[in-house]
Amino acid sequence: TMKSVAVVSAGVVLAGGRSSRMGTPKAALEWHGSTLLRRTAGIVARAANGPVVVVRAPDQELPALPKGVLVVEDPREGKGPVQGIAAGLTALSGQAETAFIASTDMPFLHPAFIRRVLRVLDLDQATDVALPFSRGYKQPLAAAYRVSLAGTAERLVKEDRLRPAFLFEQCQVETLDDDA
């Protein structure tokens, strides 16, 4: 009989960024008695069965986080999401096979949504990214990635190709529409 091996799925929350439009770091914004970052990390932790990593900018002050959340530094500031994705996936190498990557500012994220997106990668080993396509936009910062993409993401950062679209060109992406 085939034993199904539970895939270890982790979470990455990107806390970096100076939030120039907000004037105050989004990570520390209050949200119903918590902070956005703590809330997002907690929701991701409930959906993942592996470690949760928060990626922060150098010297970025973070609010209190749920127990067990790992903090890694994004070594190069201002490089955009692929840099954060690379830092998060690299930190998870050898600890998980898949990761749901979220930006800080997602107070309405739901564990069932995260599990649904991660399941795409569990069901099809050939898929590298499960990318929600919602309200007409791709959502690369509410998507599931194979941790093995860390090297590809690192290489793109070194090449200064910093948009998620460049990463998606290099791998097998399945998009999920609102119905899915």
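Using just the helices of the chain, give the 222 nm mean residue ellipticity in deg cm²/dmol: DSSP H runs with n ≥ 4 each add -39,500 (n - 2.57), and the total is spread over all residues, rounded to 500.
-8500 deg cm²/dmol
Quickly work out the Cys171-to-Lys138 label distance, labels modelled 7 Å from Cα along the C-beta direction, and quote it in nm with one decimal.
For the pair Lys138/Cys171, the computed spacing is 1.2 nm.
May I ask you to compute the full-extension gain from Val71 to Val8, defined as 0.36 nm times their residue separation minus their alpha-carbon distance, rounded to one decimal in nm?
20.8 nm
Summing +1 for each Lys or Arg and -1 for each Asp or Glu, what net charge is found among the other residues whose Cβ lies under 14 Å from the Cβ of Leu118? Write out the running numbers ahead of the final one.
On the way: positive: Arg46, Arg115, Arg116, Arg119, Arg146; negative: Glu97, Asp122, Asp124, Asp128, Glu174.
Net charge around Leu118: 0.
Could you state the accessible area per residue of the chain in Å², with a 1.4 Å probe and every protein chain left in place?
Here the per-residue accessible area is 53 Å².
In a GNM of the chain with a 10 Å cut-off on Cα contacts, which of Leu36, Leu167, Leu109 has the highest mean-square fluctuation?
Among Leu36, Leu167, Leu109, the largest GNM mean-square fluctuation belongs to Leu109.
So which aspartates and glutamates can Lys138 reach, going by Cα to Cα under 12 Å and dropping same-chain residues fewer than 8 places off?
Glu174, Asp177, Asp178
In Å and from the alpha-carbon atoms only, list the Rg and Dmax of the chain.
15.4, 58
Could you state, as a whole-number percent, how many of the C-alpha pairs of the range 54-122 are farther apart than 19 Å?
41
When the chain is modelled as a GNM with alpha-carbon springs shorter than 10 Å, which of Thr40, Thr127, Thr98 fluctuates the most?
Maximum fluctuation in the GNM of the chain, among the listed residues, is at Thr127.
The range 110-143 to the range 79-96: how many Å between their Cα centroids?
Spelled out, the Cα-based centre of one part sits 17 Å from the other.
Run through every distinct alpha carbon pair of the range 113-161 and return the Kirkwood hydrodynamic radius in angstroms, one decimal place.
Working: mean 1/r = 0.0843 Å⁻¹.
After inverting the mean inverse Cα-Cα distance, the result is 11.9 Å.
The values are calculated or read from the model by the stated rules, or taken from the named source; none is laboratory data. Quantities reported herein were computed from a predicted structural model and do not represent experimental measurements. Ideal geometry is used to build each Cβ from the backbone, glycine not excepted, and the neighbour counts take in all protein chains shown. Just the protein is used for accessible areas: all its heavy atoms, side chains included, with ligands, DNA and RNA removed. Shrake-Rupley method; radii C 1.70, N 1.55, O 1.52, S 1.80 Å.
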